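Read through the structure below, which is laid out as structure tokens, and then see the notes.
The values are calculated or read from the model by the stated rules, or taken from the named source; none is laboratory data. Source: prediction; values computed, not measured. Here the Cβ is made from the backbone with ideal geometry for all residues, glycine too, and neighbour counts use every protein chain on show. All accessible areas refer to the heavy atoms of the entire protein, side chains included, with ligands and DNA or RNA removed. Shrake-Rupley method; radii C 1.70, N 1.55, O 1.52, S 1.80 Å.
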Amino acid sequence: MKNKKAFTLVFFLTAFCSLFFMFCNDPDADAEFTEDNPASRAQLGKGLAEKHCQSCHLLPDPSLLDKQNWQLALELMGPRLGIYAHNGRRYRIYTDIAQNNYPDKPAMNSWDWQNIIEYYAAMSPETLPAQEKPKDISRQMPFFSVALPPKLLVSAGNLASLVKIDTTVKPARIWINRTSSTNTLLLLDGKMNIIDSLNGSGPIVNLEPDANEWMACKIGTDLLGNNARNGALMRLKVVNQKIQAAPKPLFDSLARPIHVAYADLNGDQQKDYLVAEFGNMFGSLIWMENQGRGKYIQRTIRSLPGASKTVVQDVNRDGRPDIWALFGQGEEGIFLYTNQGNGVFTEKQVIRFPPTYGSTSFELNDFNQDGFPDILYTCGDRGDGIPQLKPYHGVYIYLNNGKNEFSKAYFFPINGCVKAMAKDFDGDGDLDIAAIGFFTDNQQPSEGFTYLENKGSLDFQPYALPLETGFKRALTMDLGDINGDGKPDIVLGQGFMGNKSIGDKLPLCIALINQF
């Protein structure tokens, strides 16, 4: 195969390490090594794993996956290391990228690779424990009334890739992107009646107000993971209750963009755009430097895929906007990029997560009211080809000690959790949490939506939707005052991707109207 040129750095930092950093534990055994002893080979594998990965990644414990799924993880990782077959078994490679993007030569010989396999076979459990909820979940929603959409928005196989409550106008409106055989962006009134619609070539997954317009992130032509660069940022506006799209994207050829923010990042009094490319094998955290007159130069902050959300904030109060960013895949974690001026940022990883976590969302909220931003974080992505339910998936709160050093203060397990948002829903002065699950446990239908009422001191009481709502699981959610009563409401976007021939008629979205 040919050399990778500029891709080499990105690929090896991501591909060589992204699954490889799963190789770490610390079994305290001083056995003599013999080549035919599996225990000895496992210890050799441990050393090899530490040698290859601990310099650039958090070393997660082998207990994070069971034996069967470690085998699957290693098979998925093999081609990234130039190992395309082992012991007569061919490993799967991506077919939607040029094959010269894979290494020319294996990173190790077959003997060393087998030692690593032996290590994970020896040190991982047969099965992972099931999640244990700290409190029983009540299958009722006593603090919200459930509003279902009109029949036009109820059908088999509905999937919403976006919901957004538009409070820039009164009465409020709701944006929702329906993804099925076609992709349609819908504009609804507060009762979820359709005002207008716009057909598109791919799912919109993020929508942010931008002056008197909207900036939409089109992830590409397909929600599912791929290596295409057909994502785009599109301008939209509403004129006389009609959605109008700009004739061409503001930016295109993006690697699965899923979030956009904007600020004057370099102090030149021009609005720049910050784009999180989640990507797959490719992707970066980038910003589009505004040159004026509609011209932009692309700048890279971090040239690795997995960027999923950013928050722009002047953290050190020096008058320059800094960036908080969440990355999944590879080196998962929350990063703080401090603006040094002139478009230069310094990086600090404030929280690191093992790659098995599948990071999905974060917010900055002051949970203990000490004046410093805490972090509300969720993990639960299982779209990486490893379908295992994991007891550590769910909602986390990390408290800030005032120096942007964070410690875990709360965890509520939710299989397949993809988003959490905090708000004082009940008006008692503390923050409650709304959370959704997409990659959920089919045996626990309550995980599609969980409401965590804060009883004080981070003691939360969980509630879930009544079964009769027909809501299966959620891919997207937003908060806002829909009915103008001054209280935050919730809109959930259906995330069911099952067989479209099922008899269930599923609502594309539901609204939870605050009754506190």
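Can you tell me which residue in the range 374-393 is nearest to the chain's Cα centre (by Cα), limited to those that are more than 20 Å from Gln443 (Cα to Cα) and surrounded by 17 or more Cβ atoms within 10 Å (Cβ to Cβ)?
The residue in question is Thr378.
Determine which single condition Lys242 fails, assuming it passes every other condition in (1) touching an Asp or Glu at 6+ places or on another chain (Cβ under 7 Å); (2) open to solvent by less than 50 Å² (accessible area, probe 1.4 Å).
With respect to (1) touching an Asp or Glu at 6+ places or on another chain (Cβ under 7 Å); (2) open to solvent by less than 50 Å² (accessible area, probe 1.4 Å), Lys242 is out only on (2).
Restricting the search to the range 291-309, which residues are in a loop (DSSP other than H, G, I, E, B) and either charged (D, E, K, R) or surrounded by fewer than 19 Cβ atoms within 10 Å (Cβ to Cβ) (or both)?
Answer for the range 291-309, where residues must be in a loop (DSSP other than H, G, I, E, B) and either charged (D, E, K, R) or surrounded by fewer than 19 Cβ atoms within 10 Å (Cβ to Cβ) (or both): Arg293, Gly294, Ser303.
Residue-wise test of (1) open to solvent by 50 Å² or more (accessible area, probe 1.4 Å); (2) assigned to a strand (DSSP E or B); (3) modelled with pLDDT of 95 or more.
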{"site": "Val275", "(1), (2), (3)": "no, yes, yes"}
{"site": "Glu289", "(1), (2), (3)": "no, yes, yes"}
{"site": "Val311", "(1), (2), (3)": "no, yes, yes"}
{"site": "Val315", "(1), (2), (3)": "no, no, yes"}
{"site": "Gly319", "(1), (2), (3)": "yes, no, yes"}
{"site": "Phe345", "(1), (2), (3)": "no, yes, yes"}
{"site": "Phe372", "(1), (2), (3)": "yes, no, yes"}
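So which pairs qualify, if the first residue must be in the range 99-113 and closer than 25 Å to Asn227 by Cβ, the second must be open to solvent by 20 Å² or more (accessible area, probe 1.4 Å) and not aromatic (Phe, Trp, Tyr), the Cβ gap must be under 7 Å, and the two must be at least 6 apart or on different chains?
Gln99/Met1; Asn100/Met1; Asn100/Lys2; Asn100/Lys4; Asn101/Lys4; Tyr102/Met1; Tyr102/Ile93; Asp104/Met1
How many residues are in contact with a Phe, Trp or Tyr (Cβ under 8 Å, 6 or more places away or on another chain) and open to solvent by less than 40 Å² (accessible area, probe 1.4 Å) when one looks only at the range 405-416?
6
Any residue in the range 159-178 that is open to solvent by 10 Å² or more (accessible area, probe 1.4 Å), at pLDDT 95 or above, touching a Phe, Trp or Tyr at 6+ places or on another chain (Cβ under 9 Å) and among the charged types (D, E, K, R)?
yes
When only residues in the range 338-358 that are touching a Ser or Thr at 6+ places or on another chain (Cβ under 7 Å) and of a type in the set (Ser, Thr, Tyr) count, which is farthest from Ile397 (Cα to Cα)?
Here the residue is Thr346.
Mind checking which residues of the range 35-65 are modelled with pLDDT of 85 or more, over 14 Å from Trp113 (Cα atoms) and of a type in the set (Gly, Ala, Ser)?
Ser63
Cβ-Cβ below 6 Å, separation at least six or inter-chain, first residue in the range 280-302 and at negative phi and touching a residue at least 40 places away in the same chain (Cβ under 8 Å), second open to solvent by 30 Å² or more (accessible area, probe 1.4 Å) and among the hydrophobic types (A, V, I, L, M, F, W, C): which pairs?
Cβ pairs passing all conditions: Leu285/Ile301; Glu289/Ile297; Ile301/Phe345.
So which residues in the range 363-418 are out of contact with any Ser or Thr (no Cβ under 7 Å at 6 or more places or on another chain) and of a type in the set (Lys, Arg), if there are any at all?
The answer is Arg382, Lys403, Lys408.
So Phe362 fits all but one of (1) modelled with pLDDT of 95 or more; (2) part of a loop (DSSP other than H, G, I, E, B); (3) within 22 Å of Val205 (Cβ to Cβ); what number is the exception?
If we test Phe362 against (1) modelled with pLDDT of 95 or more; (2) part of a loop (DSSP other than H, G, I, E, B); (3) within 22 Å of Val205 (Cβ to Cβ), just (2) comes out false.
Gly429 - would you say it is within 25 Å of Leu326 (Cα to Cα) and small (Gly, Ala, Ser)?
The answer is no for Gly429.
Out of the residues in the range 144-158 that are in a strand (DSSP E or B) and among the polar types (S, T, N, Q), which is modelled with the highest pLDDT?
Checking each candidate, the answer is Ser145.
For the range 124-143, which residues satisfy the criterion of being part of a loop (DSSP other than H, G, I, E, B), open to solvent by less than 40 Å² (accessible area, probe 1.4 Å) and within 24 Å of Asp489 (Cα to Cα)?
The one that is part of a loop (DSSP other than H, G, I, E, B), open to solvent by less than 40 Å² (accessible area, probe 1.4 Å) and within 24 Å of Asp489 (Cα to Cα): Met141.
When only residues in the range 209-237 that are assigned to a strand (DSSP E or B) and either open to solvent by 40 Å² or more (accessible area, probe 1.4 Å) or among the polar types (S, T, N, Q) (or both) count, which is farthest from Tyr273 (Cα to Cα)?
Looking at residues that are assigned to a strand (DSSP E or B) and either open to solvent by 40 Å² or more (accessible area, probe 1.4 Å) or among the polar types (S, T, N, Q) (or both), I get Lys237.
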